[in-house]
Amino acid sequence: MYEYLAEFLGSMVFVYMVLATGNALAIGATLALVLIITMPISGGHINPAISIVMASIDKLPITELIPYALSQVFGGLVALELFKRYKFVE
């Protein structure tokens, strides 16, 4: 259960940073931070494409693929909604 939450929050923070800044340095730093935080909990996939690859090489049980991907997609959608509602920079 914690791994899904980690993937959701990590994806949300990462996607929000991409939307909010567009700054490559800030995006890279955010990704590095998100990976450092989520790696011990969930493996730090943060992206459904990575989860699919990890499942295909047997590093992620196939039964975990759908919950991981859904957590990541929903995290991205929540980030989009937060961005649309609370733009701090215009």
How do the pairs read when you match residues in the range 3-26 that are at negative phi and acidic (Asp, Glu) with residues anywhere that are surrounded by fewer than 21 Cβ atoms within 10 Å (Cβ to Cβ) and part of a helix (DSSP H, G or I), using Cβ under 6 Å and keeping only pairs 6 or more apart or on different chains? GLU3/ILE41
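Could you check the range 24-90 for helices (runs of 4 or more DSSP H) lying wholly inside it with 1 or more residues that are among the basic types (Lys, Arg) and out of contact with any Cys (no Cβ under 8 Å at 6 or more places or on another chain)? Lay out the reasoning, then the answer.
On the way: elements: 24-42, 48-56, 62-85.
Hits in the range 24-90: 62-85.
No value in this document is a laboratory result; all are computed from the given coordinates. Everything quoted here is computed from the prediction, not taken from an experiment. For neighbour counting, all protein chains shown are included, and Cβ atoms are generated from backbone atoms with ideal geometry for every residue, glycine included.
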